[in-house]
Structures are given as C-alpha cells and as structure tokens.
1. What single numbered condition from (1) modelled with pLDDT of 90 or more; (2) over 19 Å from LEU18 (Cβ atoms); (3) not in a helix (DSSP H, G or I) fails to hold for ALA85?
2. Which of the residues spanning segment 87-115 are closer than 22 Å to ASP182 by Cα, in contact (Cβ under 8 Å) with a residue 24 or more places away in the chain, among the hydrophobic types (A, V, I, L, M, F, W, C) and out of contact with any Pro (no Cβ under 9 Å at 6 or more places or on another chain)?
3. Filter segment 111-140 down to the residues that are of a type in the set (D, E, K, R) and more than 16 Å from the chain's Cα centre (by Cα), then identify the one that is surrounded by the most Cβ atoms within 10 Å (Cβ to Cβ).
4. Could you tell me how many of the residues in segment 148-165 are farther than 16 Å from SER103 by Cα and surrounded by 21 or more Cβ atoms within 10 Å (Cβ to Cβ)?
5. Would you check if there is a residue in segment 123-133 being touching a strand residue (DSSP E or B) at 6+ places or on another chain (Cβ under 7 Å) and either assigned to a loop (DSSP other than H, G, I, E, B) or within 18 Å of ASP182 (Cβ to Cβ) (or both)?
6. If you take the residues of segment 134-148 that are outside any loop (DSSP other than H, G, I, E, B) and at pLDDT 90 or above, which of them is farthest from GLY199 (Cα to Cα)?
7. Which number in (1) surrounded by fewer than 18 Cβ atoms within 10 Å (Cβ to Cβ); (2) modelled with pLDDT under 90 marks the one condition that THR94 misses?
Amino acid sequence: MIAHDQAPEHEFEAQLGLPEPLPRDERLLWQGAPDWRLMARDAMHLRALSIYFAALLAWRFALALAAGAGVWESLQSAAWLLPLAALALTVLATTGWLCARTSVYTITDRRVVMRIGVVLSITFNLPYARIEGAALHANRDGSGDVTLALEGADQIAYVHLWPHARPWRLKRTQPMLRALRDARRVAEILSAALAQSAGVCATPVPVASSGPRTVVGLAPQHALTA
C-alpha cells in the first residue's frame, strides 16, 4: 500500500525529504529536486505562453499599422498588453520556483519517495512492489522527467500530485519526477533499482521516440509508451 504523510514545515523532517530516517538495511541511491527553470518552462508552459504573448503583441502592432497608424502609435497600441504579459509570466515563473524549492525526490533500493507541496507538504512513499512501470522522457541535453505507473489499486488524486504528475492522466494518475536536470542519470539509477527489485536485467529498453524527447522504458514489468 502507498503511504503518505502531511507536515506543515520541512524543518521537522527526520531526514531531508523523508518523514523518518531510513532503516539501517535500506540504502539511499539518489536524492534531488526539480530544476525551477525547467519546471517553469515545461510544467508551467512559460515558453509557450511567452511565444503566445509575443505573437499577440506583433498582431496588435500589425493591425494598428494596417489601420493607418504610425510606428510610434502602433507601438503604443500594442504596449497595453505588456503589463498583462509580464504579470502572467511572473506568476508562472514564481509558481515553478516555489514548486521546485519545496520538492525533494528520493530513490532508495526499496522505494521512491516524493516530498511535494508548496503550502502543505505531502510525502508519498512508493514501494517498488507497487510500481507497475516507469519511463524516461528525456530532452537532448539529458534533462527531462521520469514517470511512474502505479498498480491499479494504488492511485493518487491528480490534484494532490500536480505538477508532479504526467499531464492528462486524470483517471489513472502517474507520479512524475519532474524537471530533472540530470534525468538520464536518475533514470539509470531507478532502472537498476527496479531491475534488482524484480530480479531482471537492468538495461533500459527504448520503447518510443518523438522529436527532441526520447521515451525509454525502465520498468521490469510494463514499460510506458509516449
């Protein structure tokens, strides 16, 4: 069964990212946090919204020029959108920073632990026995996300996980170690741990590829598709 704990302050953690110290027979393999820039760009769609506002400003400028206004007047006509754009982008960037700052991911030889939550900290313990599959969604620079598929009986509400959840998987949520700068290395560590837990080969198997992002199956049971 997947366990979770709630705590108002991180200072009361027995160990960073963990609700209690690891047992003596459990080994810490990796611990890290999301990169806030990647979190803002990918999870908060900061880049996409920036492009949208830039296109909107250009369209407004072009409309004013087409209506016969001068360059200066056209710039003034488009400038009223700038405060709105700046506010929206600032909110998204700040949200990404807060989500990254308050999150810690931990991989041991027995489980994955996710401590997340900006206002209320929640810790999810995901034993390997309850993880049905996993996948690496990697960018060309090695950054990316590692997604976990849980067994049917073990599901977590999407709202409790967001933004640490695979997008648009609302019915069967999939926790995600998101916005990792060294996602490939983390995937290798998790792949080996899953394989050792299942007693199979630890070599990841590519299952899909799309554009600059590669999806690699890590699970000893059922690999996820893109």
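1. So ALA85 meets the others, but not (3).
2. If the condition is that a residue be closer than 22 Å to ASP182 by Cα, in contact (Cβ under 8 Å) with a residue 24 or more places away in the chain, among the hydrophobic types (A, V, I, L, M, F, W, C) and out of contact with any Pro (no Cβ under 9 Å at 6 or more places or on another chain), then ALA93, TRP97, VAL104, ILE107 are the ones that fit.
3. Out of the qualifying residues, it is ARG111.
4. Residues that pass the stated criteria total 2.
5. No, the conditions are met nowhere in segment 123-133.
6. The qualifying residue farthest from GLY199 (Cα to Cα) is GLY144.
7. The number of the failed condition is (2).
Rundown of residues vs (1) modelled with pLDDT of 95 or more; (2) of a type outside the set (Ser, Thr, Tyr), yes/no style:
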{"position": "TRP36", "(1), (2)": "yes, yes"}
{"position": "MET39", "(1), (2)": "yes, yes"}
{"position": "ASP42", "(1), (2)": "no, yes"}
{"position": "LEU56", "(1), (2)": "no, yes"}
{"position": "LEU65", "(1), (2)": "no, yes"}
{"position": "GLY70", "(1), (2)": "no, yes"}
{"position": "SER74", "(1), (2)": "no, no"}
{"position": "ALA78", "(1), (2)": "no, yes"}
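The values are calculated or read from the model by the stated rules, or taken from the named source; none is laboratory data. Computed from a prediction, not measured in an experiment: that's the story for all the values here. No Cβ is skipped: glycine too gets one built from the backbone with ideal geometry, and neighbour counts run over all protein chains shown.
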